[in-house]
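One structure below.
The values are calculated or read from the model by the stated rules, or taken from the named source; none is laboratory data. Bear in mind the structure is a predicted one, so any value in this text is a computation, not a measurement. For neighbour counting, all protein chains shown are included, and Cβ atoms are generated from backbone atoms with ideal geometry for every residue, glycine included.
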Amino acid sequence: MKKISCFNFFKLCNPGLAKFAIVCVAVLLSGCASWQGTNKGKDPYAPESVDPKLFQAERFGEEQSISINAGYFICKGKYIPPPYIIRRNGLSIHVNDVMVLGPIKWMSPDMKAPENPPKIPDVGIWSGSATINSFIDDTFIYYESLYKGENPPKDKTMLQIVSEQISKLPNVWSAKTDEEKDLIRITMWNGGKFNVSASALYDKMNVNISEEALREMYKRAFDRYVDFFKSNKIVYRGFKIAEIEWIENTKTFYEAVKILNNTKTWNSSKRKSLEKLDFGSEKINNELISTFKPSKELEKRLYDDYAKNVNLKQERTPPGDKFK
């Protein structure tokens, strides 16, 4: 199994932007999943809700691959069968409409400062965090421009005044500042909790990075994903992590699926077997053990690929056994 972290993926796409990637890592994780909170009853397999304006498609354009019938895509424990279409929507990458790389919180150098703070949205008391993301974004943008202006407020810090604005939202129970870590800890009425980090989302580097460099970064990411599938690799996309993992040896995945499909084995034994197989990272192995959904179509594809690349008699794996 080959693994690449969010930071290393950007280093791979553009080595000169590696330092920038560290600043933006909080936003990139799981395609901005850090902004969504923990809504009870929410479908964990539903697509992430991200404000479309963050994609900046009008500025950075869109592109789409041809239909690809090679490769394997495992998303949140589910096998998604081909054909695969890789799409870049501005500052985001999608595989069959599943976001695998989210947008960076980037403010254009020529962006005009807003004249007024955003209005409090009319949301239900039990609404989740996704319904207020745009308001939080606009609130930070307004007050950041205010504090960088000629006469910034002196009685409160930017974090304090933004926190007060967030507290006015109908679905927010509390919004507490942590000046030391430069973030706001938000608790929703529905019990969800999440943090907003000013330093990670609105650092100067987010403004100073050039439009050309950002365009190149996502273009390279798009090309890499197309290459993953065309090379018949297995791409894994987890729940809350942005690790991109792929397998070059189909036999490894064939053996891993047999382990995951075994309902008579304890999870601890599955974990040890996957570790011995050197299948994936510890976190991904744990996720797959608890969420993997068996698929006859996946089994057939893997077995066919496996049969093409090994001597079945030598391996003592008669066709009838397959995934038993």
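Numbers below:
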quantity	calculated
Of the criteria (1) touching a Phe, Trp or Tyr at 6+ places or on another chain (Cβ under 7 Å); (2) at pLDDT below 90; (3) β-branched (Val, Ile, Thr); (4) not assigned by TED's automatic domain parsing to the domain that holds Ala57, which one Thr187 fails	(2)
Test: residue in the range 50-69 that is exposed (fewer than 13 other Cβ atoms within 10 Å of the Cβ), at pLDDT 80 or above and of a type in the set (A, V, I, L, M)	yes
Qualifying residue in the range 269-285 (condition: under 26 Å from the mean Cα position of the chain (by Cα), in a helix (DSSP H, G or I), touching a residue at least 60 places away in the same chain (Cβ under 8 Å) and closer than 18 Å to Lys233 by Cβ)	no
Test for Ala113: is it within 25 Å of Asn171 (Cα to Cα) and either under 20 Å from the mean Cα position of the chain (by Cα) or loosely packed, with under 14 Cβ neighbours inside 10 Å (or both)	no
One residue from Gly102, Gly149, Gly90, Gly124 being over 30 Å from Pro294 (Cβ atoms) and in contact with a Leu (Cβ under 9 Å, 6 or more places away or on another chain)	Gly90
Counted residues, the range 275-288 - those being at negative phi and either at pLDDT 90 or above or loosely packed, with under 13 Cβ neighbours inside 10 Å (or both)	3
Some residue of the range 153-165 being outside the structural domain of Phe229 (by TED's automatic domain parsing), assigned to a strand (DSSP E or B), charged (D, E, K, R) and at pLDDT 90 or above	no
Single residue of Ile132, Ile125 found to be part of a loop (DSSP other than H, G, I, E, B) and farther than 26 Å from Ser210 by Cα	Ile125
Residue in the range 241-264 that is over 20 Å from Lys78 (Cα atoms), modelled with pLDDT of 80 or more and either in a loop (DSSP other than H, G, I, E, B) or in the same structural domain as His94 (by TED's automatic domain parsing) (or both) present	yes
Selection status of Gly41, closer than 23 Å to Val172 by Cβ, surrounded by fewer than 13 Cβ atoms within 10 Å (Cβ to Cβ) and modelled with pLDDT under 90	yes
Candidate set from the range 79-106 (those that are among the charged types (D, E, K, R) and assigned to a loop (DSSP other than H, G, I, E, B)); member that is modelled with the lowest pLDDT	Lys105
Residue in the range 88-100 that is touching a residue at least 60 places away in the same chain (Cβ under 8 Å) and either outside the structural domain of Met217 (by TED's automatic domain parsing) or aromatic (Phe, Trp, Tyr) (or both) present	no
